[in-house]
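Reading through the structure tokens given below for one structure.
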Amino acid sequence: MSNKQKPIHSGHRERLTELVSKVGVENISDIQVVEFFLTYIFPRGDVNPLAHRLLDKFESFANIINAEISDLETVKGINKRSASKIKMFSSLFDAYTYSSFSNKINIKNIGQFLDMLESLLRLQPSENLYLFAIDHSFNVTQKRKYNLQNVREVGITPFELFNFISSTKLSYLIVAHNHPSGTALASKNDHEAVSYIEQLIQTFGVRLLDSFIVGKDGIYSEKQQSFVRTFESVEKTIEKIVDALN
């Protein structure tokens, strides 16, 4: 094929990769971010039109990643397999976040532990619950993630808890979950969910150290009945930036 006959997007993947390498993902456009991500989902072919269709429907990269598989499949060019790969990305990010913290976290250094909770839960679009295994030296050794809606409707079974406790050989347990669009203050449902877990683990001789809630306004401790970290609103952050520029 002559140069005149080459497709308009010939070599586009290489140019995009080179661009990202030079300036960083944070400095490219939204459509380029989505397109660059899709090159990992689709090893071959022109993904530019698909990137446009996804962004047209979901409006942002975050919304694409957080979309349900059934919604992703409504976009031309996305089948169940590719939708599943896209959906798994947030789980991979969770694994990366935990891996970057887990070998260093001792809950006596509460700031580092709260940093991990903020990274795992602050930007989650749906309610999730984490169990953290803590050893006798108060090190975080492992975690497990649950959909909080399922916990309320079905419950974490004694068998699941037994597997978690026996496989991690934990001495203590910490529970954490999020309120995606509201305050971190505990609700009646929150207390009930934690009480259910606490009752189950008592039969295994395990102590619940605390239950944390991550909301838009901060991180709340159910044991201390107070905020242990507060977040500034977007509006407040913008105000500070504007003040600094004036």
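Our estimate of slack between Glu160 and Lys216, defined as 0.36 nm per intervening residue step minus the Cα-Cα distance, is 17.2 nm. Computed from the alpha carbon positions, the gyration tensor of the range 106-234 leads to an equivalent ellipsoid with semi-axes of 23, 17, 12 Å, biggest first.
Given just the C-alpha atoms of the range 56-105, how large is their convex hull per residue in cubic angstrom?
Details: hull volume 3.6 nm³, N = 50.
Given the Cα convex hull of the range 56-105, per-residue volume reads 72 Å³.
Annotation: the residues Asp30, Asp217, sorted from fewest to most other C-beta atoms within 10 Å of their own C-beta, follow the order Asp30, Asp217. A simple spin-label model places pseudo-atoms 7 Å from Cα toward Cβ; at Asn109 and Glu59 they are separated by 4.0 nm.
The charge dipole of the range 3-93, taken about its Cα centre with unit charges on the Cβ atoms of Lys, Arg (+1), Asp and Glu (-1) only, comes to about 460 debye.
Give me D for the range 3-93 in µm² s⁻¹, whole number, from Stokes-Einstein with Rh from the Kirkwood sum over alpha-carbon pairs, 20 °C and 1.002 mPa s. The calculation lands on 156 µm²/s.
Using a ≥ b ≥ c from the Cα gyration tensor of the range 17-58 (square roots of the eigenvalues), is it rounded, prolate or oblate, where a/c under 1.5 gives rounded and otherwise the larger of a/b and b/c decides, a/b for prolate? Oblate is the answer for the range 17-58, as a/c is 1.5 or above yet b/c matches or exceeds a/b.
Structure note, pairs Lys145/Lys216; Lys57/Lys85; Lys143/Lys223; Lys169/Lys216; Lys145/Lys223; Lys57/Lys145: Cα-Cα distances above 24 angstrom occur for Lys169/Lys216; Lys57/Lys145.
All of the numbers you see were taken from the coordinates with simple rules; none came from a lab. Fair warning: this is a prediction, and the values are worked out from it, not measured in the lab. Don't worry about glycine lacking a Cβ; one is built from the backbone with ideal geometry, like all the others, and counts go over all protein chains shown.
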